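**Student:** My questions all concern the structure below.
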Amino acid sequence: MAKLTVNGRGVEVDVDPATPLIYVLRNDLALNGPKLGCGRAQCGACTVHLDGEAIRSCQFPVGEAEGRRVTTLEGLGTPERPHPLQEAFLAEQAAQCGYCTSGMIMQGAALIQARPGITEAEVLAGMEGNLCRCGTQPRVVRAVLSAARKGA
Ligand code: FES
């Protein structure tokens, strides 16, 4: 059993504490923002926030998330009130197939939050572990910088 706070809601799930967080989010809580890519903490598709910091949920045991705040893409913004980075992704057309997009947005949002005056070099370094096979990386970087400039 694990007790979690996910997107501001308290939940209890009947799972082994060693279960990777992404399986609980997707399979038990039907939150399909985080995607399973490599499963080895190397592609960033599964990125979510834990107490505001970006983590790879494919390699994070759910038991270690107890008592902490988990946020997925679904909790970052809403269709009525999107996060500024979600708006910037649309404006820059920073998604192609979209598989990496949730992880990109969660990683970028954590970067902006941690460093409001972030530079292009810092965005490039901070997004290095989030891979896109379609080649949208330059647009992603522009979107993160645009949202940062708007004070996201
Ligand atoms: Fe977690 Fe690739 S699926 S980093």
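**Student:** Can you work out the FRET efficiency for the pair THR5 and ARG40, with r the C-beta to C-beta distance and R0 = 22 Å, to the nearest 0.05?
**Tutor:** Calculated value: 0.25.
**Student:** Starting from the Cα of TYR23, step 7 Å along the direction of its Cβ; do the same at ARG133; then give the gap between the two resulting points in nm.
**Tutor:** Rounded to a tenth, the inter-label distance reads 2.3 nm.
**Student:** Run the accessible area of the chain with a 1.4 Å probe and give the carbon-and-sulfur part as a rounded percent.
**Tutor:** Here carbon and sulfur together make up 48 percent of the probe-accessible area.
**Student:** Can you list the GluC sites (Glu not before Pro) in segment 19-68 that are in a DSSP coil and have 16 or fewer other beta carbons within 10 angstrom?
**Tutor:** Values: sites: GLU53, GLU64, GLU66; in loops: GLU66.
Of the GluC sites (Glu not before Pro), the ones in loops of segment 19-68 whose Cβ has at most 16 other Cβ atoms within 10 Å are GLU66.
**Student:** A further question follows. Among the trypsin sites (Lys or Arg not before Pro) within segment 12-53, which fall in a DSSP loop and have no more than 10 other Cβ atoms within 10 Å of their own Cβ?
**Tutor:** Details: sites: ARG26, LYS35, ARG40; in loops: LYS35, ARG40.
Those that pass, being in a loop and sparsely packed, are ARG40.
**Student:** Quick one: if the Förster radius is 35 Å, what FRET efficiency do ASP16 and CYS97 give, using the C-beta to C-beta distance and rounding to 0.05?
**Tutor:** Computed FRET efficiency for ASP16 and CYS97: 0.60.
**Student:** In nanometres, what is the gap between the two model label sites at ARG115 and THR78, each 7 Å from Cα along Cα-to-Cβ?
**Tutor:** Modelled inter-label distance: 3.3 nm.
**Student:** Just to confirm my numbers, what's the Cα centroid distance between segment 115-152 and segment 1-74 in Å?
**Tutor:** Using only Cα atoms to place each centre, the spacing works out to 23 Å.
**Student:** Here's another thing I want to ask about it. Have a look at the DSSP beta bridges in the chain and tell me what percent are antiparallel, nearest 5.
**Tutor:** 85 percent
The values are calculated or read from the model by the stated rules, or taken from the named source; none is laboratory data. If you're wondering where the values come from, they're calculated on a predicted model, not measured in any experiment. Don't worry about glycine lacking a Cβ; one is built from the backbone with ideal geometry, like all the others, and counts go over all protein chains shown. Just the protein is used for accessible areas: all its heavy atoms, side chains included, with ligands, DNA and RNA removed. Shrake-Rupley method; radii C 1.70, N 1.55, O 1.52, S 1.80 Å.
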